[in-house]
Amino acid sequence: MTPFTIAIDGPAAAGKGTISKAVAERLGVAHLDTGLLYRATGKRVTLGEAPLEAAEKLTAEDLKATDLRTPAVAQAASRVASIPEVRAALVDFQRAFARRAGGAVLDGRDIGTVICPEAEVKLFVTASDAVRAGRRYRELIAGGHAVTEEEVLADLRERDARDSERDTAPLRPAEDAVVLDTSEMEIEAAVAEALRLIAARRG
Ligand code: CDP
């Protein structure tokens, strides 16, 4: 089967992860949450490792850690993600995953622009700040994290600003991406809409 890549980018907590996972399951293709690579690198840095070494030494075990979803790790991820050498160290793995036989869904910030500009389908998933903060707040509370909605909103805004303003691979939609605003959608509707857009692009 020829490689078929679906690139799903967007700001923090826009629903990329849920949509990507559901789409990959439905289409029977592999899924890579590239945010985990940056989160695992950021976590290693908070434990004292140098950023580039942390990125180069990532293992499959690192990506399975259960504490990668905390706001502290998210902030550490966004800081290491602005270092060009760190991003460069993670490119080959992501590109190989994107072009694997059988197809792949990758979600992140720069999949459609830098990692896989040739992706057959590119979605840019967004939602209003308030909606994104509300969704992430509920996820974190359900996961047992003590946070307030204001803290979550501040974290999202800070990361989005850093991710958008960095020089290397900033967060932005690819020119040929379809924007999917999920502010007014339940997640099931967003998944259905993503599948419709993918089917339309696939022809
Ligand atoms: O789940 P959420 O959208 O909050 O974050 P994530 O996708 O896990 O990404 C965490 C951080 O990693 C982001 O704030 C970015 O700084 C960085 N990241 C990136 O720079 N490039 C990617 N392809 C994926 C994540």
R109 within 13 Å of the ligand (Cβ to nearest atom), within 28 Å of R201 (Cα to Cα) and modelled with pLDDT of 95 or more: yes
Identify all residues within segment 54-84 that are surrounded by fewer than 13 Cβ atoms within 10 Å (Cβ to Cβ), part of a helix (DSSP H, G or I) and of a type in the set (D, E); write none if there are none. E61
Name the single residue, out of those in segment 43-84 being within 30 Å of E118 (Cα to Cα), within 13 Å of the ligand (Cβ to nearest atom) and not hydrophobic (A, V, I, L, M, F, W, C), that is farthest from the chain's Cα centre (by Cα). P51
Scope segment 85-100; condition in a helix (DSSP H, G or I) and either open to solvent by less than 50 Å² (accessible area, probe 1.4 Å) or away from the ligand (no atom under 13 Å from the Cβ) (or both); matching residues: E85, V86, R87, A89, L90, V91, D92, Q94, A96, F97, A98
Of (1) of a type outside the set (F, W, Y); (2) away from the ligand (no atom under 12 Å from the Cβ); (3) free of Cβ contacts under 8 Å to residues at least 12 places away in the same chain; (4) within 12 Å of A12 (Cα to Cα), A161 fails just (2)
I need a count of the residues in segment 164-203 that are within 11 Å of the ligand (Cβ to nearest atom) and within 16 Å of T126 (Cβ to Cβ). 3
Test: residue in segment 37-53 that is under 21 Å from F93 (Cβ atoms), open to solvent by less than 50 Å² (accessible area, probe 1.4 Å), touching a Gly at 6+ places or on another chain (Cβ under 6 Å) and not in a strand (DSSP E or B): no
Can you spot a residue in segment 24-31 that is basic (K, R), surrounded by fewer than 22 Cβ atoms within 10 Å (Cβ to Cβ) and either in a loop (DSSP other than H, G, I, E, B) or away from the ligand (no atom under 15 Å from the Cβ) (or both)? yes
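The values are calculated or read from the model by the stated rules, or taken from the named source; none is laboratory data. Quantities reported herein were computed from a predicted structural model and do not represent experimental measurements. Counting neighbours? That spans all protein chains shown, and the Cβs are built from the backbone with ideal geometry, glycine included. What goes into the accessible areas is simple: the full protein's heavy atoms, side chains included, and nothing from ligands, DNA or RNA. Shrake-Rupley method; radii C 1.70, N 1.55, O 1.52, S 1.80 Å.
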